[in-house]
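The values are calculated or read from the model by the stated rules, or taken from the named source; none is laboratory data. What you see is a predicted model; the values in this text were computed from it and never measured. Cβ placement follows ideal geometry from the backbone for every residue including glycine, while neighbour counts extend to all protein chains displayed.
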Amino acid sequence: MDMNEIKEIFFQECEEQLAELESGLLKLNDGDRDPETVNAVFRAVHSIKGGAGAFGLDDLVSFAHVFETTLDCVRSNKLEPNQDVLKVMLKSADVLADLTNAARDGGSVDDSRSRALVKELEALANGEVPAPSATVEVPAAATAAAPAPTDESGFAPIPFSFDGFDDEEEAIEGTVYDVTFNPRPELFAKGNEATLLLRDLSRVGEMSIHCDTDALPSLDQIDPEGAYFRWKIAVKTTKGEDAIRSVFEFAEWDCDLEIKVQEAATDAAERAEELPMIPVPFDLSMLDGAGSEGDADGEEAGAAANATATTAVAAAEAVSGIAKLAGAASRGDKKDAGAAATAAAQATAAAGAAPTIRVDLDRVDRLINLVGELVINQAMLSQSVIENDANGTSSINMGLEELQQLTREIQDSVMAIRAQPVKPVFQRMSRIVREVADMTGKSIRLITEGENTEVDKTVIDKLAEPLTHMIRNAVDHGVETPEKRVAAGKNPEGTVRLTAKHRSGRILIELADDGAGINRERVKQKAIDNDLIAADANLTDEEIDNLIFLPGFSTADKISDISGRGVGMDVVKRSIQALGGRISISSRPGHGSVFTMSLPLTLAVLDGMVVTVAGQTLVVPLTAIVETLQPEASAIHSFGASHRLISIRNSFCPLVDVGRILNFRTTQANPVEGVALLVESEGGGQRALMVDAIQGQRQVVIKSLEANYTHVAGIAAATILGDGRVALILDVDAVVGASRGQSLKPEMSLAATG
């Protein structure tokens, strides 16, 4: 593993730490005062700082150090994390992310903004709490924070607290013992842990510790069952030597242990010469929390200890679980050494955590493609055996059934690998809300729900752009200014709610705001002025709301960084449709708007019902089907010239001829001779789709029709059946919409597809 690979791993871990940082700050902003939340935030910044120091990223280290100092004040209850303090910290988290991205991609960061935040963080660390900000009477123009003045050299002083040093002078009275602890391999083989022994020893009295790593061999010579570390410990206690020996009572036979009283004549210079490493106070509280804090701090300290020997140190960790303590002690970094001590208990904490590995996404994609081909070939093989075995009782059939079940399990397992929660995308939206709110002088809170809802990685990657457009639109156009909200009897702080949930095998994402809603008169007039609709057009409220998705439509009075240049929502709609999804709007003037996106959980496979329509084979997604039924003549009722209803359990449901909608035939078929599929569309309501026959139910591999042919209205995608034929996957929502009078607007006639 070369240095570039190690550096890439560091930046990947930074992404996780930044997500943890923002998540914790948002919890604090919502009133969570759990000490573990504060510790998690502190660990995230501390880990980024330590790793950045190993790679010489000075700008990142400097800013992270000031940020960490302020967070330490919160952790020690010297600074109350109120709304104004957290506002500064959330901005600092954004700058920390920018600095990390700049270090990875070679970009630059606005120095004036970072220096201004450094001064604000320093002020907070020095106890200068900002005055509470006004909620309403602040003009929008005043919300842009002016850069804090800096000197010509750009030097930003870093406060250094000497708190805690006096405590060392107030050491407890007692005898100082020199303890030499050298574990043998047998100690670890019997399940003992050096870390736990050192933790128990720290309870005996005041302790400083040194780790000797001179015996650590090169990576190719390491024995995984060996022991290579020796500890030299100074313990000051009033409990006597017996108390020290009792700590090693069950491990004394598996280690070399020497305990002697420290000679009073030994001065500091002699001690430094005898022990080449700098003494490190052993922090008992950090070890007690190693189960939660060791993961983040331990990784950071180990990376910062020796970047060129990362793999060797990692191997040593597996042997002893405490190599990182030595790395921090060798640097003489008091804080990092104490943090590195928590890595000694990491092995114990890791036992209860699920192990993970990092895999290149291209490898997973290739695996999924191969599994898809396996499914198709398995279906072809089953079809061939069925056609050649009339009885269907051969042992081959039984084996094929087992193969089909095994193939399904393999496919489900592979798809689960790519399933990821939408939390990273949702967390990214928090920053956008803060930035746009500051630019517009609005006070807005983002509430997220269902961020642990899992969806395919490809869907997540393509979800960020449309969500960004919608969030900016909601903050800029949807939510009113504090003055207008107060005048309307609302809370001056607006709310934007982002929700994700599963429904009928799809993921439903809702973006709701409690703003003024869509001004339909203004929207319609803008559309007329831009020649997007005729002046005498008679549109319903739903149709007017959907005008904002037209290309070139914008209600902005002037061009700005937020409003854009007449683009945005049309991009959103195209992006969602490219994912096989749908977007709808629900708005109440004066109460807000709700944008609902319905997306498939995966773009690779689906369970479908294979049907026949006018001689064509179609696949209807199983998640959209409520039930199937055979219509009876008495249940069919005509409505108007060409509409028909079917009676289902004392209720009437519109009957839709799929073949007629898709232009497979020019006349409507007889419902009694076909089968009705009762489906539920994302827009709500039910329809009975009439098909000629049902061939069966099976899992199919989705193939993009647009990538291989062209877009076909009413068709979502295509697949390959077991007999080798191509079958079209029906777009249920588009067909239902066409039955309501909406035009399919076909780009290509279905007759041309065969």
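The residues on offer are 560, 554, 575, and the sole one that is loosely packed, with under 15 Cβ neighbours inside 10 Å, of a type in the set (S, T, N, Q) and either under 26 Å from the mean Cα position of the chain (by Cα) or modelled with pLDDT under 80 (or both) is 560. Residues in the range 577-601 that are of a type in the set (Val, Ile, Thr) and in contact with a helix residue (DSSP H, G or I) (Cβ under 6 Å, 6 or more places away or on another chain): 2 in all.
Starting from residues that are out of contact with any Leu (no Cβ under 6 Å at 6 or more places or on another chain) and assigned to a helix (DSSP H, G or I), keep the ones in the range 68-84 and report whichever is surrounded by the fewest Cβ atoms within 10 Å (Cβ to Cβ). By that ranking, first place goes to 83. For the range 540-547, indicate whether the set of residues that are among the polar types (S, T, N, Q) and in contact with a Phe, Trp or Tyr (Cβ under 9 Å, 6 or more places away or on another chain) is non-empty. No, the range 540-547 contains no residue that is among the polar types (S, T, N, Q) and in contact with a Phe, Trp or Tyr (Cβ under 9 Å, 6 or more places away or on another chain). Restricting the search to the range 26-67, which residues are of a type in the set (Lys, Arg) and not in a helix (DSSP H, G or I)? The answer is 33, and nothing else.
For the range 204-258, the set of residues classified as surrounded by fewer than 16 Cβ atoms within 10 Å (Cβ to Cβ) and in a strand (DSSP E or B) consists of 256, 258, listed by residue number. Among the strands (runs of 3 or more DSSP E) confined to the range 585-648, the ones with at least 1 residues that are of a type in the set (D, E, K, R) are located at 605-613, 625-629, 643-648. Annotation: residue 542 fulfils all but one of (1) surrounded by 15 or more Cβ atoms within 10 Å (Cβ to Cβ); (2) touching a residue at least 40 places away in the same chain (Cβ under 8 Å); (3) of a type outside the set (Ser, Thr, Tyr); the unmet one is (1). When you look at residue 230, is it under 45 Å from the mean Cα position of the chain (by Cα), closer than 25 Å to residue 187 by Cα and at pLDDT 85 or above, yes or no? Considered against the rule, which asks whether it is under 45 Å from the mean Cα position of the chain (by Cα), closer than 25 Å to residue 187 by Cα and at pLDDT 85 or above, residue 230 comes out as yes. Filtering the range 427-439 to residues that are in contact (Cβ under 8 Å) with a residue 60 or more places away in the chain and over 7 Å from residue 475 (Cβ atoms) leaves 427, 429, 430, 431, 434, 435, 438, 439.
If you check residue 664 against the conditions, is it in contact with a strand residue (DSSP E or B) (Cβ under 9 Å, 6 or more places away or on another chain), exposed (fewer than 15 other Cβ atoms within 10 Å of the Cβ) and not assigned by TED's automatic domain parsing to the domain that holds residue 376? No, not satisfied. Look at the range 733-745: where a residue is of a type in the set (Asp, Glu) and a partner is at pLDDT below 75, sitting 6+ places away or on another chain with Cβ atoms under 7 Å, you get 733/681; 733/682; 733/683. Only residues that are assigned to a loop (DSSP other than H, G, I, E, B) and within 25 Å of the chain's Cα centre (by Cα) were counted in the range 463-514, giving 3.
Tell me yes or no: at least one residue of the range 732-740 is modelled with pLDDT of 80 or more, over 28 Å from residue 383 (Cα atoms) and part of a strand (DSSP E or B). No, because not a single residue in the range 732-740 is modelled with pLDDT of 80 or more, over 28 Å from residue 383 (Cα atoms) and part of a strand (DSSP E or B).
To keep it simple, each residue is scored yes or no on (1) in contact with a strand residue (DSSP E or B) (Cβ under 8 Å, 6 or more places away or on another chain); (2) charged (D, E, K, R).
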{"residue": "473", "(1), (2)": "no, no"}
{"residue": "489", "(1), (2)": "no, no"}
{"residue": "502", "(1), (2)": "yes, no"}
{"residue": "513", "(1), (2)": "yes, yes"}
{"residue": "522", "(1), (2)": "no, yes"}
{"residue": "528", "(1), (2)": "no, no"}
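Report, ordered by the first and then the second residue, all pairs with beta carbons closer than 7 Å, sequence separation of six or more or different chains, a first member in the range 626-655 that is assigned by TED's automatic domain parsing to the domain that holds residue 692, and a second member that is part of a loop (DSSP other than H, G, I, E, B). Qualifying pairs under 7 Å: 646/631. The set of residues from the range 36-57 being at pLDDT 85 or above and surrounded by fewer than 21 Cβ atoms within 10 Å (Cβ to Cβ) comprises 36, 37, 39, 40. The residue that is nearest to residue 56 (Cα to Cα), counting only those in the range 1-25 that are in a helix (DSSP H, G or I) and over 20 Å from the mean Cα position of the chain (by Cα), is 7. Note on the range 112-142: residues that are in a helix (DSSP H, G or I), under 18 Å from residue 91 (Cα atoms) and at pLDDT below 50 total 1.
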